[in-house]
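The values are calculated or read from the model by the stated rules, or taken from the named source; none is laboratory data. The shown structure was predicted, so the numbers you read here are calculated from the model rather than taken from an experiment. Here the Cβ positions follow ideal geometry from the backbone for every residue, glycine too, while neighbour counts run over all protein chains shown. Accessible surface areas use protein heavy atoms only, side chains included; no ligands, DNA or RNA. Shrake-Rupley method; radii C 1.70, N 1.55, O 1.52, S 1.80 Å.
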Amino acid sequence: MKKLLLSIIALVLVGTTYAQKQFVSTDTKLPAHPRILMLKGEEKALMKKIKKDVYWNEIHTNLVAECDKMIDLPVSQRIKEGKRLLSVSREALRRIFDLSYAYRTTGQKKYAARAIKEMMACAAFTDWNPSHFLDVGEMTMALSIGYDWCFKQLSADEEAQIRTAIIEKGMKASLLKEEAWYLTAEHNWNQVCNAGITFGSLAVFDSCKEFAVDRINTAFNSIPKAMGEYAPDGAYPEGPGYWGYGTSFNALFISVVEKALGSDFGLTEKPGFLSTGMYSQVQITPAGYNFNYSDNGAGAGFNTTVFWFYSRVKDPALLYMQKMLYERGNKLGLMRNRLLPMALIYGAGSGASLANPEKPSSLMWTGRGHSPIAIMRSSWTEGSAYLGFKLGSPAVNHAHMDVGSFIFEAEGIRWAYDFGGESYGSLEGKGVDLWNRAPGSQRWDVYKYRTTSHNTLSFNDKPMSVVESATLDDSGDKNGVMYAMSDLSAMFKDQIPGVKRAVSMVDKKYAVIQDQFTTNGQFTKVRWNMLTAADKVTFVNETTALLEKDGKKLYLRVEAPFPVRLYNELAVPTNTYDSPLHGERFVGFEADLALNTTQQIAVYLMPGEQINNAKAPYEF
C-alpha cells in the first residue's frame, strides 16, 4: 500500500516531465464501447469483405476454430520464467484478442464468456510483473481489448474487477519511477509499453478521466522518441524480428488513438515510418529466411503488421512475400500469433488481396539510420541470389559486433549466414551481465556476439569498437552491378589506420566482397570470416574453396596481392554459458598485411561454377 501511495505521488513528477504537450483533456469525448480498433457495427462491414476473399475467409475460419479449442483450456496462471512473466502476458493477449474478435464477428456469447474468464484470472494476479514492464504492457493491452469488446457481456462485478486491474496493475504501475524508464527509450520497450498503457487508458477513460488523460498525454510525448529511429528511410535499427515487435505495437498505438480520438496527431508523418513496411519485406530471403543480424532469429513468418502498412500506403508490393510465407507456412501454426486479428482488420478491411499480389519492382534496397543496411537480389523468385550488408554500431539495442557483416544466399542455400541471437533467459539464469553494452563488458564475451563469430573482419584477433559506428557511404545499381560501400575505419581504430568494405552483386549471378586496408609500421594480421551452412568444404588450391550442400556448389575465390591462409573450422563456443552448436562452421582466411601501404582484396562467391572473367567491380 505504501508503494502504491508513493506511486500516486509520483504521478505529478512523471506527468510534468513527459506531458509537455496536451493531446487530450478531461473534456475529450470518446465513442461508447466498443471504442478500441473497431467501433460498434464495424465488424459487420469487415465480415462482408472477409467472406469475399478466399485467403481472409480461411484465416478467419481457422481463427474461430482455434477459439473453440481455447474454450476448454485452463486459464492462465502467474508463473514466471526467470525474471519474466512475458510468456503469460503474450498468451493472455492471444486468447483475449482472438476470443473477443470471434465474439464480435460471430455474435456467439461463448467466446465472450471465455474471454471474460481469462480476464478475471489475470485480473486476480498479485501484479503483472512491473519489474519487467513489457509484461505489464502486453497484459494491459490484453485486458483492455477484452474489456472494451466484451463490455456488454460483463456483469457489474466482472466489469469492476477487470477495470480495477487495468488501472491498478497496468496504468498505475507505469508511475513507478524505476520502471518508467521506457518513456525515454528509443526502442521496442517504448512502443510496447506506451501502447499497452494507452489501450488501458482509453478502455477505462470514463471512470478515471484525469488519470487516463495524463497517461495518454505522457505516451503521446514519449512514443516519438522511438519513432525517430525509423528516419530517414524506414530501416529499423533493431532488425527484422524486433521490427515485428516494436512496429506492431506502434501501429496499434496509432490505430487505437485514431479510432478513439479521431486523429493520430501527426505520428504517421514521422520521417521513415510509412516507408518501414517495405523494410520488413526486403529482409526476407528467397528461401524464406530473415536477414537475421544482431539478436534476430532466422525464421520469417506471415506478418500481421504488414497489412496495417498496406492499409495506409496501398502498395501491392508489400503483399508479395506475405503470400509466399502464408502458403509455405504452417497455417494452423499461424494461430499462435497473438496479433492475428490485425491481419483481418487491416488486411481484409483495406481490400488487400493475397490472390495475385504485385511483384516488387526494385531488386535493391538501402536504408540508413542507426543500423544501415543494403539488400540486393537477382530476382524476387524462389532460388534466386540474395546479398545483405549490415552496418551501424554494437551500441544499438540488441546489436552484436557485426558491423560490416554480410549474408549470401543462392539456389536456396545459405552460403553465408548469421547465428542470430542467444537465449536471454539461459544467459541471465547463468549470471551473465547481458544488457551491459559498455566496452569490456561480459556481453561481448558471449560467443555469438563476438567480432570473430560474424561475417566481418578482425585484426590481430581483437574485437571491434562497441562505441563507434559505420555508415552507408556509397551505393548504387549501375551497368549490371548493385553495390554498397562503407568506411569501417572507426570500428577498428587503434588496430589499423584504415579499412573499407564494399559488397556487390554482379550481373545477378555472383557476389563480390572487396576490402581495402591501409596499414602503418605495426604488424597486422587480418582475419576474413564467413559462417556457412555448407556441410562440405574442399580447398581447390591456395586461394579457392569449394563449398557444397544438398547437391549445390559455391566457389569462394580470394584475389589478394599477398599470400592467404584458407581455413575451414568448426564453430566451438568457449564459455560454459554459451548455447551448444551442432556442426556449424566458418570458412575464410588469414593473412599478414604489408606494412605502410594501401592494399585491396576481393573475395568472389560464385554459385554453381567458377566464372573465369569475374570482376571486382568497386573502385575505392
Exercise. How many residues are within 29 Å of the chain's Cα centre (by Cα) and either loosely packed, with under 15 Cβ neighbours inside 10 Å or in a loop (DSSP other than H, G, I, E, B) (or both) if we restrict to the range 510-534?
Worked result: 2
For this session: Collect the residues in the range 413-435 that are surrounded by fewer than 15 Cβ atoms within 10 Å (Cβ to Cβ) and within 17 Å of ASP402 (Cα to Cα), keeping them in residue-number order.
Result: TRP435
Exercise. Which pairs have Cβ atoms under 9 Å, sit 6 or more apart or on different chains, and link a residue in the range 172-190 that is over 19 Å from PHE211 (Cα atoms) and open to solvent by 20 Å² or more (accessible area, probe 1.4 Å) to one that is among the polar types (S, T, N, Q) and not in a helix (DSSP H, G or I)?
Worked result: GLU178/SER131; GLU186/ASN397; HIS187/ASN397; TRP189/ASN397
Seminar exercise, completed: Per the list (1) among the small types (Gly, Ala, Ser); (2) under 30 Å from ILE413 (Cβ atoms); (3) in contact (Cβ under 8 Å) with a residue 12 or more places away in the chain, residue check on SER222 breaks on (2)
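Take the residues of the range 268-286 that are in contact (Cβ under 8 Å) with a residue 60 or more places away in the chain and aliphatic (A, V, I, L, M): which is least open to solvent (accessible area, probe 1.4 Å)? Outline the logic, then answer.
Going residue by residue through the range 268-286, those that are in contact (Cβ under 8 Å) with a residue 60 or more places away in the chain are 272, 278-279, 281-283, 285-286.
Checking the rest, the ones that are also aliphatic (A, V, I, L, M) come to 278, 282.
Working: MET278: 35, VAL282: 7 Å².
Checked the range 268-286; the qualifying residue least open to solvent (accessible area, probe 1.4 Å) is VAL282.
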For this session: Show the residue pairs that are 6+ apart or on different chains and have beta-carbon atoms under 7 Å apart, the first residue being within the range 86-104 and farther than 16 Å from MET47 by Cα and open to solvent by less than 10 Å² (accessible area, probe 1.4 Å), the second being at pLDDT 95 or above and of a type in the set (Val, Ile, Thr).
Result: ILE96/ILE145; PHE97/ILE145
Seminar exercise, completed: Within the range 538-568, residues being part of a strand (DSSP E or B) and either in contact with a Leu (Cβ under 8 Å, 6 or more places away or on another chain) or not polar (S, T, N, Q) (or both) number 20
Exercise. If you check VAL467 against the conditions, is it among the hydrophobic types (A, V, I, L, M, F, W, C) and open to solvent by 60 Å² or more (accessible area, probe 1.4 Å)?
Worked result: yes
Problem set entry | Tally of residues being over 17 Å from SER131 (Cα atoms) and open to solvent by 60 Å² or more (accessible area, probe 1.4 Å) across the range 154-171 | 4
For this session: Return a yes/no flag: does the range 286-295 have any residue that is of a type in the set (D, E, K, R) and either within 13 Å of the chain's Cα centre (by Cα) or over 30 Å from GLN161 (Cβ atoms) (or both).
Result: yes
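If I filter the range 605-615 for residues that are crowded, with 19+ Cβ neighbours inside 10 Å and in a loop (DSSP other than H, G, I, E, B), do I get at least one hit?
Step one: of the range 605-615, the residues crowded, with 19+ Cβ neighbours inside 10 Å are 605-607, 614.
Add one more test, that the residue is in a loop (DSSP other than H, G, I, E, B), and what stays is 614.
Yes: one or more hits.
Given the residues GLY347, GLY367, GLY392, which is the only one that is touching a His at 6+ places or on another chain (Cβ under 9 Å) and open to solvent by less than 10 Å² (accessible area, probe 1.4 Å)?
Values: GLY347 fails: touching a His at 6+ places or on another chain (Cβ under 9 Å); GLY367 fails: touching a His at 6+ places or on another chain (Cβ under 9 Å).
Among GLY347, GLY367, GLY392, only GLY392 is touching a His at 6+ places or on another chain (Cβ under 9 Å) and open to solvent by less than 10 Å² (accessible area, probe 1.4 Å).
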For this session: Within the range 33-74, track down each residue that is of a type in the set (A, V, I, L, M), open to solvent by 50 Å² or more (accessible area, probe 1.4 Å) and touching a helix residue (DSSP H, G or I) at 6+ places or on another chain (Cβ under 9 Å).
Result: LEU73
